[in-house]
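All remarks here apply to the structure that follows.
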Amino acid sequence: MKIMDFRSDTVTRPSEEMRKAMAYAEVGDDIYGDDPSSNALSKYTAELTGKEAAIYACSGTMGNLISFLAAGRHGESLLAGKRSHVWNAEVGGFSAVAGLCPYPLDDDEGIPKVQDIEPASRADNNIHHPDTTILCLENTHNYTGGIAVSPERFAEVAREGHRLGFHVHLDGARIFNASVYYGVDVKEFTKEADSIQFCLSKGLGAPMGSMLCGSHEFIEKAKKARKRLGGAQRQLGIVAAAGLYALKNNISRLSEDHANGKLLCELLINGGVCVEKVPNMTNMVFFSLTESCPSDEIFVNSCSERGLLLNALSPRRIRLVTHLDVDREDVERAASIILEVISQ
């Protein structure tokens, strides 16, 4: 029985071409700056995002945390969406490690509203308040359904953060999904942010890693923060080569994942499933289980027994993610299995 894995786009596996790039990568000691493949990846990434410099991080969570350590100080305040990944899925690192006081913003539409930014700020010289220094934005936005925030809306909010004197960080784990969705250069988003983290290990198909980009000064601070977290690598080139291959070959094909996500959504809706109709949907499909289904666990296990892997991200809320290792046939089969399990 073929196993179809829709749990996340993190489950992708390196292609044969990517494995060859890894096998023949030139390597050196990255801490000494001697790894040619790592240096090439950082240079290419900086140019791609329009930033001065970039470094590799072991994960998106580490990349975001490094950014907070480099841009903020203990006791300062960070603004982030209440449904953002940094708030819900990064173990509170911004407070536990970076020492930042978080303030939640409404981001049900994938990004906070401009008018909510200033009232949430504590940059008011009041001795009772921590200074607000960082605004963290996410695009695409995971927990609201994979929403791709438009360049116009993103710029509007980011510029308000700059007007208030904040360091604007973009948690762009899937930022290339947003740029492909809107058919724009990724710089349309990254030019509005002081720093950006994006994942190589999701839809781009690399086995691990993320990139953090920003100014020369910011990246030098980030390198020290990365070292403090134990994230500095040695012969990094083996995985850096995979990242470089992903950036050069796997961005444009993200549109296939979006098309498959749309098809999956349509098939489930036609089958009577309560699918979340997300505007600007990319590669994620969320739906709610009805009361007729005894539990999330029973539903997920029943699908798994039929060869379909998926996740319940919250009670009675199921998520499926399309990626380069599932095709149209898999999508049709996944929808069939879901409808079969629900009917029983």
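The values are calculated or read from the model by the stated rules, or taken from the named source; none is laboratory data. Predicted, not measured: the structure shown is a model, and the values here were computed from it. Quick reminder, even Gly has a Cβ in these numbers, built from the backbone with ideal geometry, and neighbours come from all protein chains shown.
Taken as a whole, region 281-301 holds no residue that is acidic (Asp, Glu) and within 21 Å of residue 209 (Cβ to Cβ). Taken over region 286-296, the criterion of being surrounded by 15 or more Cβ atoms within 10 Å (Cβ to Cβ) and out of contact with any Cys (no Cβ under 9 Å at 6 or more places or on another chain) is satisfied by 286, 293, 296. In summary, residue 102 fulfils each of the numbered conditions (1) assigned to a loop (DSSP other than H, G, I, E, B); (2) of a type outside the set (Asp, Glu); (3) touching a residue at least 12 places away in the same chain (Cβ under 8 Å) with the single exception of condition (1). Annotation for region 114-124: no member residue is at pLDDT 95 or above, within 28 Å of residue 254 (Cα to Cα) and of a type outside the set (Lys, Arg). Residues of region 220-253 that are within 23 Å of residue 73 (Cβ to Cβ) and buried (at least 24 other Cβ atoms within 10 Å of the Cβ): 222, 226.
Output the number of the condition that residue 63 fails; it satisfies all remaining conditions of (1) modelled with pLDDT of 95 or more; (2) out of contact with any strand residue (DSSP E or B) (no Cβ under 8 Å at 6 or more places or on another chain); (3) closer than 25 Å to residue 257 by Cα. Result: residue 63 passes all but (2). Filtered by the rule that a residue be surrounded by fewer than 22 Cβ atoms within 10 Å (Cβ to Cβ), of a type in the set (Gly, Ala, Ser) and under 15 Å from residue 270 (Cα atoms), region 297-344 gives 336, 343. Run down 276, 329 and say which single residue is closer than 21 Å to residue 110 by Cβ and not hydrophobic (A, V, I, L, M, F, W, C). Within the list 276, 329, the selection yields 276.
For region 182-192, the count of residues that are in contact with a Ser or Thr (Cβ under 6 Å, 6 or more places away or on another chain), modelled with pLDDT of 95 or more and within 21 Å of residue 80 (Cα to Cα) is nonzero.
Are any residues in region 11-43 hydroxyl-bearing (Ser, Thr, Tyr) and either crowded, with 17+ Cβ neighbours inside 10 Å or closer than 20 Å to residue 232 by Cβ (or both), and if so, which ones? Scanning region 11-43 gives 12, 15, 32, 37, 38, 42.
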